[in-house]
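The values are calculated or read from the model by the stated rules, or taken from the named source; none is laboratory data. All values reported here derive from a predicted model rather than from experimental measurement. Every residue, glycine as well, gets a Cβ built from its backbone with ideal geometry; the counts of neighbours run over all protein chains shown.
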DNA sequence: GCGACGCTTCGCCCAGCGCCGAAGCGGGGC
DNA sequence: GCCCCGCTTCGGCGCTGGGCGAAGCGTCGC
C-alpha cells in the first residue's frame, strides 16, 4: 500500500467534477484534444489546461503533440480499470435510479480498448474454461491450444504480444456491471480489434446529439453472435 | 457510469490524506473508534469527527454506537475493493521505490475479511479449476462438488450464505499485487475464518511499535501449507 | 452525584484550488 | 507576411474545506 499522502494525491485527481468528466470521456480509449475535453467538462480553455497539466503530471494521462493540437489519452489501462471500478462504487453508493444506460450498455461495451459487459465476462470465462489461457506471472499466457484457436479466429497474436505502452499480454480488468473480470491487456485489445474488423461487433448510432457514451457503445451483429457461439460457445 | 459530479464526490472522499489514512486502517475489516482513527490520521478529535461524518454520509463507512464509543467500519467490501484498487494504481504511478512491505505481505495478507496475495489468487484459481464454484448471476455459486469439498475442509457454508451486510455469496475482488482476482463475499470471509480457526494461517507479531499493517499480515503455518496442498493442490 | 472520558458542535482562521478574462506563444492556412 | 486558431501562462477573485481551541453533550466509573 502506498502512503496515505500518495494515495490521497491520486484519488484527489479523480475527485473533481471537471476532471472526472474528462476522464470518463477518455474511457473510450481515444485520444482527445484539450479543446474537446474542455467542452466535455463544460469549462473554459484555461481551466481545462490547468486540469490536464495536473492529470499528466500525476501520471494519469499522456500527451501527444500533433501540429497545434495536443491529444490526451489515458496513460495506461490500469488507470482505465481504476476509473471503471470507482464508477461502479459510486453507482452502488447512490442507488436511487436504476441502470441509467439501458440494458444494451450492460450487455456489451468498450472498456478502454477491450470488450466489457456480459459478453466480455463470458469471453473471459470461455477462454479460461477451454484452457486457451493459463495463469502466468502477472496475468495470463496463451496455451498452445489457445494460440491455435485465437489465430484461427483471426486475432493478431503478434500484435497482442507487442507490448505497446508497457502493457501486459493479458490480465484481468474488473467489470463493474457484472462483478467478474473481463480480459484486458494486449490480447484483450486485439480480440476487440478483431471483432470490430470482422464486423462481429458494430457501433450503433449515437442516441442523442451529445451522447457522452457514444464511443463506447457496441452491438453484436447476427454474424458475430453465430461465430462467437460456434467458436467459443459464448451466447452473446 | 455515474454522472461526473457523483463520481467526483465519491473520489473526493478518498482524496484527502487524513481520510485515506483512516480508510487504509479500516482495510483490516475491524471496527475502530473515532479516537483511534484520529490518532491514525494524525489529527485532532474535532477534525476526525468531521471527516468521519462525511465518510458515513457518503456511504463509505457505517457506524455502531457502543457506550461512549463510536465504532466505524467500511460499509461494504465494494468499498474495500475500490480502496485496494486505487492503492495499486497509486503505487504503479510512483514506481521509485520497490515493494515496500516485504515479500511476505505480497504472499498472503488479509483484504477486508478475506485472503489476498499470491495465496488468495491461487485459492481462487483452484476453486475455479476444480469446479467447486461456477459462474452465477452477480458472482459465483458453489457446485455440488464444491459444497462437499468445502464442508470437508471445515468451511461454514451456512454462515457464508447468510447475507450479512447485503453481501454476495461469492464474487471477485481484484488483487492489486497479483493483478488477478481473489475470492470475496461471504464465502471468502468464511474460508479466511476457517483457515484462522484451524491455525492454517496465523498472525505474525507486529514489525514495529506502530505497524499500520499489523492487522492485515498473515503467515501460512506448516500444517496449513500441508493441508492446503493436499486438499486443493495449492502451493502456499 | 461528581469527575473523567469520548465524541460532537461551534466559531474562527488560513491555504489551496477552481474559475475566468486578458495576454502571450506557436503552428497552419492563405 | 499576415491573420486565425489552439493552447498555455498570468493575474485576480471567490469559495470550499481542513485545521484547531473552546465549549457542550452523553456515558461510564467510583
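The table below gives the values:
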{"quantity": "Those strands (runs of 3 or more DSSP E) lying entirely in segment B:1-116 with at least 1 residues more than 27 Å from residue B:190 (Cβ to Cβ)", "calculated": "B:61-66, B:69-74"}
{"quantity": "Among the residues listed as B:159, B:193, B:166, B:116, the single one being buried (at least 24 other Cβ atoms within 10 Å of the Cβ) and within 19 Å of the chain's Cα centre (by Cα)", "calculated": "B:116"}
{"quantity": "Unique match (being in contact with a strand residue (DSSP E or B) (Cβ under 8 Å, 6 or more places away or on another chain) and within 17 Å of residue A:119 (Cα to Cα)) among A:182, A:199", "calculated": "A:182"}
{"quantity": "From B:123, B:61, B:110, residue being under 18 Å from the mean Cα position of the chain (by Cα), modelled with pLDDT of 95 or more and assigned by TED's automatic domain parsing to the domain that holds residue B:190", "calculated": "B:123"}
{"quantity": "Filter result for residue A:1 (at pLDDT 95 or above, within 11 Å of chain B (Cβ to nearest Cβ) and either more than 14 Å from DNA strand C (Cβ to nearest atom) or surrounded by 17 or more Cβ atoms within 10 Å (Cβ to Cβ) (or both))", "calculated": "no"}
{"quantity": "Residue, surrounded by the most Cβ atoms within 10 Å (Cβ to Cβ), within segment A:126-156, restricted to residues that are in a helix (DSSP H, G or I) and under 21 Å from the mean Cα position of the chain (by Cα)", "calculated": "A:127"}
{"quantity": "Check on residue A:226, away from chain B (no Cβ under 14 Å), loosely packed, with under 15 Cβ neighbours inside 10 Å and at pLDDT below 95", "calculated": "no"}
{"quantity": "Segment B:4-14, residues that are within 12 Å of DNA strand C (Cβ to nearest atom) and within 20 Å of the chain's Cα centre (by Cα)", "calculated": "B:11"}
{"quantity": "Of all residues in segment B:53-76 being within 8 Å of DNA strand C (Cβ to nearest atom) and in contact with a strand residue (DSSP E or B) (Cβ under 6 Å, 6 or more places away or on another chain), the one that is nearest to the other protein chains (Cβ to nearest Cβ)", "calculated": "B:63"}
{"quantity": "Tally, over segment A:23-52, of residues that are more than 7 Å from chain B (Cβ to nearest Cβ), away from DNA strand D (no atom under 11 Å from the Cβ) and touching a residue at least 40 places away in the same chain (Cβ under 8 Å)", "calculated": "8"}
{"quantity": "Selection count, segment A:23-43, where residues are farther than 17 Å from residue B:4 by Cα, out of contact with any strand residue (DSSP E or B) (no Cβ under 6 Å at 6 or more places or on another chain) and within 13 Å of DNA strand C (Cβ to nearest atom)", "calculated": "1"}
{"quantity": "Selection status of residue B:181, in contact with a helix residue (DSSP H, G or I) (Cβ under 7 Å, 6 or more places away or on another chain) and surrounded by fewer than 18 Cβ atoms within 10 Å (Cβ to Cβ)", "calculated": "no"}
